[in-house]
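Colleague: Would you mind keeping the following structure in view while I ask a few things?
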Amino acid sequence: MVFRQLLIEWRARLRQWQGVAADPSQVWLASIRVRILSFLIRRYAEAAESAKSDRVLPASPLPTPKRAWTICEVVVADGPPPRSADDLRTLLLDIRRCNVPPLRRRWFRWG
């Protein structure tokens, strides 16, 4: 079965990288590899044991929703009407003008 073969390979690589973790030149790389392989083994070990055939596991164990989820509802607040695009543009340009130093023009003399 494909999952069992992958698990055997991942466990062999995990043992190999745990041995490399003592080498000071590859500590960072080894720790990342150990974390990734440990995650893969934990994630797919149960599925590999319960798999009866060589079918592929779904990428996500959660079923995909039939409709879009509503995370939040936006309600128009009471208050003044929204500003026009020209008003917002002038306001943003004023803010930019206060925060960005002006560019100096360099005049070159030719001749």
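All of the numbers you see were taken from the coordinates with simple rules; none came from a lab. The model shown is predicted, which means the values in this text are computed figures rather than measured ones. Using ideal geometry, Cβ is built from the backbone for each residue, glycine included, and neighbour counts are taken over all protein chains shown.
Colleague: Note down the magnitude of the dipole of segment 2-50 about its Cα centre, charges +1 on Lys and Arg C-beta and -1 on Asp and Glu C-beta and zero elsewhere, to the nearest 20 debye.
Modeller: With Lys and Arg at +1 and Asp and Glu at -1, about 40 debye.
Colleague: Next up: Give me the one-decimal nm value for the distance between modelled label points at Ser38 and Ala12, 7 Å along each residue's Cα-to-Cβ direction.
Modeller: Here the answer is 2.3 nm between the modelled labels.
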